[in-house]
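The values are calculated or read from the model by the stated rules, or taken from the named source; none is laboratory data. What you are looking at is a predicted structure, and each value in this text was computed from that prediction instead of being measured. In this analysis, Cβ positions are derived from the backbone assuming ideal geometry, glycine residues included, and neighbour counts consider all displayed protein chains. Heads up: the accessible areas ignore ligands, DNA and RNA and are worked out on the full protein's heavy atoms, side chains in. Shrake-Rupley method; radii C 1.70, N 1.55, O 1.52, S 1.80 Å.
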Amino acid sequence: MSNGAVATGPTRPGLLLLVMENQQAINVLGNQNAPNITRLAQTYPVATRYFGATHPSLPNYLTLWAGSTFGVTDDDPPSAHPLSGETLGSQLDAAGIGWAGYFESLADGQDPTVDGGGRDSSNDALYVARHNPIVYFAGYDRGKVKSYGELLADLDSAAPPGFCLVVPNMADNMHDPVGSTAKDAVAVQAGDAWVDRFVQAVSATAWWRSGGTVLLVWDEAYDGSGHTVPGGIGTPPSDGGPVVLMILSAVLAGAAVNTHGLGGDRNFDAPLTHAGLLGSIETYFGLAKLRDAANTTYGDLSPVLLAGQSPRVPE
């Protein structure tokens, strides 16, 4: 078992948070350029009123990881924003629940606080630190910041991580496809194909068969021309615009009865934002809610995450 993936106490089936980039919901669901993700939405529940926290990317990732933007309003590197305090990672550590972050194009031995991992044809780095909130906090465990290539082996291990953060590179996350910096059809197609490969691979693992759940979310919304899309509902705060959150698990796909607020079409229709998603993950694992995650107006998905799940003890 690789470092950082061993769970030392009883826990529920694992959660995996997969974060994509810069597409509003209507650019993805039902889009002819995203047939695979649209097909997934016909099988798994979608949060229909999910909103990013703000713009640009970095404060959204910080909110997902630690429940606050920390006043950050840019995409500057960790050297510009040295942060401290509790995060989801430190909470999981204290609870004895294994976790790791997996980042595409992050090479072994590479400094994860610095962009790198090669370049696309637009000369943009493939791995960018602003999409890795772990490394903004003092004292982070480098052993738990892994390359994406380690994910499947960890999920198929005897003691898979209780929580995984997965971030594709800039060519695959719908932000910058190779050869283009436009938030356009090419970006959507590239990300859709990547998600399809990811879901096929993960759904073949022991982690998935034991009840693991993938939370597929976008960080913030831009329209097809790259312009910021406003939120517009007010509560919860929705300045990051309307984005997709999909809940993928074998348990929910096979549910015959709609319960726990899924609604007649099995979607989750209550308002929800990044801080509410963090709080829902914390509730799932029996952790306290950090910062804005404790604000009930930010939403609560935990009844959906807990539907049909029961505690297990890793072998």
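Taking the Cα-to-Cβ direction at Ala201 and at Asn295 and moving 7 Å from each Cα, how far apart do the two end points lie in nm?
With each label point 7 Å from Cα toward Cβ, the separation is 3.6 nm.
Ranked by accessible surface with a 1.4 Å probe, highest first, in what order do Lys144, Lys289 come?
Lys289, Lys144
Given axes a ≥ b ≥ c from the Cα gyration tensor, I'd like to know whether region 123-213 is rounded (a/c under 1.5), prolate (a/b larger than b/c) or oblate.
Oblate.
With N denoting the number of residues in region 123-163, provide Rg(C-alpha) divided by 2.2 N^0.38 Å, to two decimal places.
Output field value: 1.41.
Determine, from the Cβ-Cβ distance of Asp93 and Ala159 and an R0 of 22 Å, the FRET efficiency 1/(1 + (r/R0)^6), rounded to the nearest 0.05.
After rounding to 0.05, the efficiency reads 0.90.
Gap in Å between the Cα centre of region 27-53 and the Cα centre of region 142-167?
Spelled out, the Cα-based centre of one part sits 25 Å from the other.
Treat every Asp and Glu Cβ in region 59-170 as -1 and every Lys and Arg Cβ as +1, leave all other atoms uncharged, and give the resulting dipole magnitude about the Cα centre to the nearest 20 debye.
140
Could you list which residues have their amide H under 5 Å from that of Trp218, counting only those 5 or more apart in sequence or on another chain, with H placed in the peptide plane?
Met20, Val244
Taking only C-alpha pairs under 8 Å that are 6+ residues apart, what is the relative contact order of region 76-131 in percent?
32
Give, in nm to one decimal, the length gained when the segment between Asp76 and Asp111 is fully stretched (0.36 nm per residue of separation minus the Cα-Cα distance).
11.0 nm
Please list the non-local residues whose amide H lies under 5 Å from the amide H of Tyr102, H modeled 1.01 Å from N, same-chain partners needing a gap of 5 or more.
Result for Tyr102 returns Lys146, Leu165, Val166, Val167.
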